[in-house]
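Novice: Please find one structure pasted underneath; my questions will follow.
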Amino acid sequence: MANELRWNPILGEWIIVASKRETRPWRPKTCPFCPGSEETGYGWKIKVLPNRFPALRTDAQTSIESHGIYMVKPAYGYCEVIVETPMHEGDLCDIEINNLKEFIDVLAERFVKLGSDPKIKYVFEFRNKGAAIGVSLHHPHSQIYALPFIPPRIKRELKNAKKFWSKRGICLFCHVIKLEKDFGKRIIYENDHFIQFLPFFAMWPYETHIYPKRHVQSLNMLSDEERYALADVLKVATKTYNTLFDTSLPYIMAIHQKPTDGKDYSFYHMHIEFYPPNRDKEKVKYAAGIEWGAGTFTYDALPEERARQLQRACVKAIRELASKSYKPFGVCKEYMQ
Ligand SMILES: [Zn+2]
Ligand SMILES: [Zn+2]
Ligand SMILES: [Zn+2]
């Protein structure tokens with residue numbers, strides 16, 4: 001069994017190679033996360049489990065030696081699963097707000113705990129939903145990869161945010177909030193502490209970003225009130241997605257926080273990015289030739305048009321949530337126009 005990092009000298013990035021992962025069960029018949037299962041037991045609202053088929057491990061072994069530019073290292077790290085609710089079906093919008101706030105507490109707590117290992121440089125927390133994304137278990141859950149390196153996408157964000165900070169003396173992300181607020185037409189939902197918008201520079205058809213309005217670098221820096229506000233945005237945002245085409249929409253939810261290598265990242269601003277792959281109810285956008293082969297995304301509509309569709313869905317979503325006696329904290333942008 002091997003869990004190793006192999007260096008791609010051409011692109012300058014690590015690949016995680018795990019030989020054992022291929023034996024993981026593909027959509028097993030009995031749910032391993034439902035209450036009463038061997039892994040989860042009874043009497044919980046939210047559960048953190050070690051991933052049974054981890055790509056990273058603290059006892060990682062390599063299968064081959066480094067040879068010049070072909071570098072190999074043990075894939076040291078942690079892979080965890082957060083089972084967000086005892087309910088077998090549904091999305092974040094179906095989870096009760098206090099339970100959802102507790103989910104954010106757990107994300108913050110695991111970020112601090114796993115990040116405190118001196119060998120861990122980055123704690124990546126994310127959520128995959130839907131068969132189109134390749135999810136093997138339907139029971140609502142998120143994942144954590146605690147990595148011994150800073151992943152390339154985050155590195156690019158850090159580099160640009162740092163450059164902007166030293167040039168302009170302000171935060172790049174705070175500035176994006178200002179630009180989106182000034183323009184207004186791409187904002188989907190907003191409460192006192194968070195704002196959701198389809199960015200000017202969206203890559204996926206219905207990609208949206210959620211930024212805290214306060215300049216913070218990680219979830220553990222959020223106050224209790226802000227955590228409730230984040231739970232509220234997550235509830236409304238996922239409800240909006242499921243309302244958009246009147247179908248349970250698949251998505252990737254990526255949480256971008258500062259690295260945990262102990263350096264100063266006060267120029268950075270944490271946020272959450274949603275990438276649903278759909279372009280409409282049935283059709284999915286693939287990262288194909290131009291996107292995957294060249295790394296350049298094409299966007300086959302105007303972001304402002306799609307933002308408008310999301311705003312309409314958000315108005316409906318808020319109404320539906322209200323009919324199930326949930327009162328959203330904020331407003332959909334369209335309400336304000
Ligand atoms: Zn289940
Ligand atoms: Zn900021
Ligand atoms: Zn980001």
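Novice: Scan region 129-179 residue by residue and report those that are modelled with pLDDT of 95 or more and touching a His at 6+ places or on another chain (Cβ under 9 Å).
Specialist: R153, I154, E157, A161, F164, R168, C171, L172, F173, C174, V176, I177
Novice: Which strands (runs of 3 or more DSSP E) sit wholly inside region 1-97 and have at least 2 residues that are away from ligand 2 (no atom under 16 Å from the Cβ), in contact (Cβ under 8 Å) with a residue 12 or more places away in the chain and surrounded by fewer than 16 Cβ atoms within 10 Å (Cβ to Cβ)?
Specialist: Once the strands (runs of 3 or more DSSP E) in region 1-97 are filtered for at least 2 residues that are away from ligand 2 (no atom under 16 Å from the Cβ), in contact (Cβ under 8 Å) with a residue 12 or more places away in the chain and surrounded by fewer than 16 Cβ atoms within 10 Å (Cβ to Cβ), what remains is 47-50.
Novice: Looking only at region 236-294, how many residues end up being at negative phi, of a type outside the set (D, E) and part of a loop (DSSP other than H, G, I, E, B)?
Specialist: 25
Novice: Hey, can you tell me all the residues within region 190-234 that are more than 14 Å from the chain's Cα centre (by Cα), part of a helix (DSSP H, G or I) and more than 16 Å from ligand 2 (Cβ to nearest atom)?
Specialist: N220, D224, E225, R227, Y228, A229, D232
Novice: Can you tell me which residues in region 235-272 are among the polar types (S, T, N, Q) and over 16 Å from the mean Cα position of the chain (by Cα)?
Specialist: Listed by number, the residues that qualify are T240, N242, T243, T247, S248, T260, S266.
Novice: Still on this structure: Could you tell me whether S116 is more than 16 Å from ligand 1 (Cβ to nearest atom) and either free of Cβ contacts under 8 Å to residues at least 24 places away in the same chain or among the polar types (S, T, N, Q) (or both)?
Specialist: The answer is yes for S116.
Novice: So P140 ticks every box in (1) of a type outside the set (F, W, Y); (2) away from ligand 3 (no atom under 16 Å from the Cβ); (3) under 24 Å from A18 (Cβ atoms) but one. Which box is left unticked?
Specialist: So the condition that P140 fails would be (3).
Novice: Mind checking whether some residue in region 186-201 is touching a His at 6+ places or on another chain (Cβ under 8 Å), in contact (Cβ under 8 Å) with a residue 60 or more places away in the chain and under 30 Å from K119 (Cα atoms)?
Specialist: no
Novice: Evaluate region 88-101: report whether one residue or more is under 16 Å from the mean Cα position of the chain (by Cα) and within 16 Å of ligand 1 (Cβ to nearest atom).
Specialist: Yes, region 88-101 contains at least one residue that is under 16 Å from the mean Cα position of the chain (by Cα) and within 16 Å of ligand 1 (Cβ to nearest atom).
Novice: Continuing with this model, one more query. Taking region 282-337, which residues are among the charged types (D, E, K, R) and under 23 Å from F200 (Cα atoms)?
Specialist: Across region 282-337, the qualifying residues are K283, K285, E291, D300, E304, E305, R306, R308, R312, K333, E334.
Novice: Quick test of your reading of the structure: R186 fulfils all but one of (1) within 13 Å of ligand 2 (Cβ to nearest atom); (2) in contact with a Leu (Cβ under 8 Å, 6 or more places away or on another chain); (3) among the basic types (K, R). Name the failing condition by number.
Specialist: Here R186 meets the rest and fails (1).
Novice: It is to be established whether one or more residues within region 315-328 are free of Cβ contacts under 8 Å to residues at least 40 places away in the same chain, away from ligand 2 (no atom under 16 Å from the Cβ), surrounded by 11 or more Cβ atoms within 10 Å (Cβ to Cβ) and among the charged types (D, E, K, R).
Specialist: Within region 315-328, one or more residues are free of Cβ contacts under 8 Å to residues at least 40 places away in the same chain, away from ligand 2 (no atom under 16 Å from the Cβ), surrounded by 11 or more Cβ atoms within 10 Å (Cβ to Cβ) and among the charged types (D, E, K, R).
Novice: Oh, and also: Taking interchain pairs and intrachain pairs at least six residues apart, which have beta carbon atoms under 9 angstrom, with the first residue in region 260-289 and over 20 Å from S166 (Cβ atoms) and the second within 16 Å of ligand 1 (Cβ to nearest atom)?
Specialist: P276/K129; P276/G130; P277/G130
The values are calculated or read from the model by the stated rules, or taken from the named source; none is laboratory data. Keep in mind the model is a prediction, meaning the values are calculated, not measured. We place every Cβ from the backbone using ideal geometry, glycine too, and count neighbours over all the protein chains shown.
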